[in-house]
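Contents: one structure, followed by commentary.
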Amino acid sequence: MSNIMRTVDVFSGCGGLSLGFEKAGYEVQMAFDAWKPAVETYRANFAHPSFLADMTDDSVFEQILALAPETIIGGPPCQDFSSAGKRDEHGGRGSLTLRFAELIRVAKPQCFLMENVDRIVKTQTYRRLLRLVVDAGYRFYETVLDAAYCGVPQHRKRYFLFGGTGDFQPNAVARYIEKNLSTEAMTPRKYLGSELKIENYYRHPRSYARRAVFSTDEPSPTIRGVNRPIPKGYPGHPGDSVPPNTPGLRPLTFYERMRIQSFPPEFVFVGTKTENEQMGNAVPPELAAFVARALTAGCTGEATNAFAPTLFATAD
C-alpha cells in the first residue's frame with residue numbers, strides 16, 4: 001500500500017479529527033459538514049476548503065470522487081445512539097452512519113477511519129455497517145478507546161472502525177494500540193500544568209445521584225455540549241473532590257473545557273456561546289492523532305496472529 005496522505009474529512013464538525021490526522025502526517029485536503037457554525041469554525045482554522053453540504057446529496061459524493069482521496073475519515077452524527085440522546089437508531093441521523101459506509105464503497109479509498117459513540121455496537125445499524133464494509137472489499141479492525149489513555153485529560157469512550165484494502169493489516173492496528181495505550185489516565189494538571197489555575201471545578205451532573213465536583217489531579221469527565229453554573233440546590237455528593245461550598249469553586253470556562261478537549265490555545269471558535277459549546281463536543285485532537293497513527297500502522301505493519309481482527313463482532 002502506498003503512503004496514505006490525501007484525506008477527506010466528512011461530518012467534520014469543527015475539525016477535531018482533521019487536527020489530529022494532520023498532526024499524524026496526513027494531508028487533509030477537503031472537509032464537509034451540514035452545520036453552518038461548525039463549517040465557519042473549520043474555515044477559520046484550516047487552509048484547505050470546507051463545504052457546507054448534506055451528505056445525503058449525491059453531488060457531494062461526486063465532488064469527493066473527483067479528488068480520489070486515499071483516506072476518508074469521519075464521525076457521523078451519533079445522537080441517535082448516544083446515552084445522552086433518545087437511543088433510537090431510527091431517529092434519522094443513524095442512517096448517516098450507513099451513508100458513510102456507502103461513501104467508502106463508492107469512493108474506494110485505500111483506508112478509512114470512522115468514529116462514533118461506544119453504544120453503536122448494540123444497534124442493528126452497526127451490523128449493517130460492518131456488512132457494507134466487508135462487501136466493499138475492506139478488512140477492518142474495531143475498538144472502543146478511552147481518551148484518557150490516549151493523551152487526553154478526560155474520560156471519553158468512543159468507538160473507532162479502521163479499514164483498508166490491499167495489504168491493510170488489522171492486527172498491526174491492534175499491536176500499535178496495545179503498545180502505545182497509556183497505563184495511566186491523563187489528568188488536566190499533567191496535560192496543562194498550572195494553566196487552569198484551579199484545583200477543583202464543578203461539572204453539572206445529569207442527576208444529583210452523581211458527583212459534580214472534580215479535581216484537576218484526576219481525568220475530567222466527558223466534556224459535553226452543555227456547561228452550567230453551580231445551582232443553589234446542589235446538595236453535594238460523597239464522591240465530590242471538595243464540598244460544593246468551597247470558596248472559589250466554579251465551572252470551567254469554555255476555553256478551559258476546550259483545552260481539556262486538547263484543542264490548541266490558538267484554535268478559534270466562531271458562533272454563539274451555545275453553538276460553541278455544541279461544536280466543542282468534538283473528537284479530541286490528541287485522540288484523533290492517536291488513532292491516525294494506529295491507522296498508519298495498519299497500512300504499513302506486518303500481520304501477526306497475536307491479535308483477533310475484531311473486538312466486538314463479525315460481519316455475519
*Measure off 7 Å from each Cα along the Cα-to-Cβ vector at Val144 and Asp217, then give the distance between these two points in nanometres to one decimal.*
3.0 nm
*Say the cut-off is 23 Å between C-alpha atoms; which of Lys157/Lys190; Lys157/Lys273; Lys36/Lys273; Lys23/Lys273 go over it?*
Lys157/Lys273; Lys23/Lys273
*Cα gyration tensor category, rounded, prolate or oblate, for region 204-252 with a/c compared to 1.5*: rounded
*Applying 1/(1 + (r/R0)^6) with R0 = 22 Å to the Cβ-Cβ distance of Arg250 and Lys190, what FRET efficiency is obtained, to the nearest 0.05?*
0.55
_Tell me which GluC sites (Glu not before Pro) from region 135-231 have a DSSP coil assignment and no more than 11 other beta carbons within 10 Å of their own._
Glu184
_Relative packing of 37-43, 206-212, 270-276, 293-299, which averages over residues the other C-beta atoms within 10 Å, highest first_ = 293-299, 37-43, 270-276, 206-212
*Rounded, prolate or oblate: which fits region 9-66, taking a ≥ b ≥ c as square roots of the Cα gyration tensor eigenvalues, rounded meaning a/c under 1.5, else prolate when a/b beats b/c?*
oblate
*For every helix of n ≥ 4 consecutive DSSP H residues, a contribution of -39,500 (n - 2.57) applies; sum these over the chain, divide by its total residues, and give [θ] at 222 nm rounded to the nearest 500 deg cm²/dmol.*
-9000 deg cm²/dmol
*What share of Cα pairs, in percent, lie more than 28 angstrom apart in the chain?*
39 percent
*Tell me which residues come under 5 Å, amide H to amide H, from Thr222 once H is placed; ignore anything under 5 positions away on its chain.*
His155
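Since every read-out is calculated from the coordinates, none of them should be taken as a lab result. Worth saying up front: this structure is predicted, and the values here are computed from it rather than measured. Glycine gets a Cβ as well: all are built from the backbone with ideal geometry, and neighbour counts include every protein chain shown.
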